Amino acid sequence: MTVVYHRPSRTTITASIPAAPANSDLANSHHQRQESALHQWRPGKPVAGTPGGGYGRRVPDAIFAHPRLAPIYDTFDGDRDDLAAYLSIAGELGAGRVLDVGCGTGCLAVLLAASGRTVVGADPAGASLEVAKSKDPAGRITWIHGDAATVPALGADLAVMTGNVAQVFLTDADWAQALQGIRAALRPGGYLVFETRRPGRRAWEEWAADTAPVIFDIPGSGPVEQRREVTSVSLPFVSFRSTYRFLADGTVVTSDSTLRFRDRSEVESSLASYGYRVLDVREAPDRPGREFVFITERTT
Ligand SMILES: C[S@@+](CC[C@H](N)C(=O)[O-])C[C@H]1O[C@@H](n2cnc3c(N)ncnc32)[C@H](O)[C@@H]1O
């Protein structure tokens, strides 16, 4: 058997669109930090998530929730050049208490905690959370098994959604509930920062053209082959299937995903409706022209 080791680049940068003007006043006051919920921020303190510890309205995709797929997620996801910008924004905003919504395997949460911040990571995919916890042996981070709509009121300075988490909310109702839930987790004047792919960039066309299998030899899992195919484009929804073959035992696990592509005006309108002011819309520095990065502030 020939095993091809190929590390896919996380993104392909083919164009650059000028960023929106940076807002140098973002961190001007940082407002007084609310102390009322500070007890919730002690490292390792359990915080109740979704009632019953269950999933949200939609069970997370297998790629995040399956016990054999979550441990291999980071390897196939590749380098996380995207996360440095979020660390930098947390610094710019003076955020000491950060909620990572849809934290997945915890890549950003551990970086935020290592930078001295108090961090809560929330995700409805238990298997991903187990991977995340394994990266936090000292228990510095509070992990919540729950979804965006049900995070507790934490008085957070900043909530982040990296890895295009915003696109998993397919219906207007799901998106509204996520925005409302996150808003309730923020202190007044707290920030929500997230990214979403620009529909005009039509990323799905590149995904559809890139069907080559990728194989990694992963400690604990052995060689694993990944194949991906776009199964439906019915804008604003794009669906794709990822198939993983564990070559050591022949197990095949598939994961079906659907993402919603929202345009900038649609996102801005929903943010205004649910109590956020848009402070800036930026490029993702590692993916110019591909994403909108919204820097927003809770208004009331
Ligand atoms: C592409 S991953 C990104 C993970 C992480 N933010 C990162 O950058 O590596 C999307 C994540 O969104 C999570 N997710 C799915 N539905 C969610 C919901 N309703 N609320 C919060 N997170 C959700 C998934 O379980 C998954 O971990």
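The values are calculated or read from the model by the stated rules, or taken from the named source; none is laboratory data. None of the values given here were measured: they were computed from a predicted structure. Because the Cβ atoms are built from the backbone with ideal geometry, glycine has one as well, and the counts that use them run over all protein chains shown.
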Fill in the blank from the handout: Here the residues within the range 185-229 that are under 22 Å from Leu108 (Cα atoms), within 14 Å of the ligand (Cβ to nearest atom) and of a type outside the set (Phe, Trp, Tyr) are Ala185, Leu192, Val193, Glu195, Thr196, Arg197
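Do the conditions hold for Glu268, that is, is it surrounded by 13 or more Cβ atoms within 10 Å (Cβ to Cβ), touching a strand residue (DSSP E or B) at 6+ places or on another chain (Cβ under 6 Å), part of a helix (DSSP H, G or I) and not β-branched (Val, Ile, Thr)?
Numbers: surrounded by 13 or more Cβ atoms within 10 Å (Cβ to Cβ): yes; touching a strand residue (DSSP E or B) at 6+ places or on another chain (Cβ under 6 Å): yes; part of a helix (DSSP H, G or I): yes; not β-branched (Val, Ile, Thr): yes.
When the stated conditions are applied, Glu268 passes them.
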Completion exercise
Of those in the range 99-155 that are farther than 24 Å from Arg183 by Cβ, hydroxyl-bearing (Ser, Thr, Tyr) and surrounded by fewer than 24 Cβ atoms within 10 Å (Cβ to Cβ), the residue farthest from the ligand (Cβ to nearest atom) is Ser115
Handout entry: Failed item in (1) over 17 Å from Leu129 (Cα atoms); (2) at pLDDT below 50; (3) surrounded by 14 or more Cβ atoms within 10 Å (Cβ to Cβ), with Ala15 passing the rest
Key = (3)
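Residue-wise test of (1) under 26 Å from Arg282 (Cβ atoms); (2) of a type in the set (Lys, Arg); (3) over 16 Å from the mean Cα position of the chain (by Cα).
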{"residue": "Met161", "(1), (2), (3)": "yes, no, no"}
{"residue": "Gln167", "(1), (2), (3)": "yes, no, no"}
{"residue": "Gln180", "(1), (2), (3)": "yes, no, yes"}
{"residue": "Val214", "(1), (2), (3)": "no, no, yes"}
